[in-house]
Amino acid sequence: MRFAILCNGTVIGHSDLEGVDLGMGILTGEFHPSPGYEEVRPIFQLFGEASPDTSQQAQKGVADLTKLSTYREAVRKLQFEIRHESGQALSLSNIHIVDFSSDFGPEIDYQVEVKILDAPHWLNFLPEAT
């Protein structure tokens, strides 16, 4: 994996960030959790549990606004960092990990979405975007 994703100084997972949309400033990719992810997993599960697309909310057909609010507040308190395999830290604005494991089990595929800053600097680390 080309990128390590850190939260509050702990590696929580890795990704190649293979989906690149520099115009929107968004990178996406498959997220491979590491043991450090367990500390923040409940926060990202809140978003999944609140989604009207999950089995928990499907009958209601609307998002659980209380869980969404709790999720947003919890994420604001976290400090994220992305490090390229070269060791270079890269600027970012926000990270979201798509985690529906509370509905579908821990064997599901996870996705990460990264809102970046300084897109031209990222070009040096994203060969697909050049």
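None of the figures in this text is laboratory data; all of them are computed from the coordinates on show. Just so it is clear, the model here is predicted, and its values are computed rather than measured. Cβ placement follows ideal geometry from the backbone for every residue including glycine, while neighbour counts extend to all protein chains displayed.
Results, tabulated for the structure shown:
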read-out	value
Under-5 Å amide H pairs with Gly19, H placed in peptide plane, nonlocal only	Thr28, Gly29
³J(HN,Hα) computed for each position of region 3-12 - Karplus, 6.51 cos²θ - 1.76 cosθ + 1.60, integer Hz, glycine/proline x	10, 9, 10, 10, 10, 6, x, 10, 5, 9
R0 of 22 Å, Cβ-Cβ distance Asp16-Asp118: FRET efficiency to nearest 0.05	0.65
Fewest-first sequence of Lys115, Lys67 by Cβ atoms within 10 Å of each Cβ	Lys115, Lys67
Overall form of region 6-51 per C-alpha gyration tensor (a/c, 1.5; a/b vs b/c)	oblate
Proxy reagent accessibility, fewest Cβ within 10 Å first, across Ile97, Ile26, Ile82, Ile108	Ile108, Ile26, Ile82, Ile97
Gyration tensor (alpha-carbon) shape descriptor, region 3-129, a/c threshold 1.5	prolate
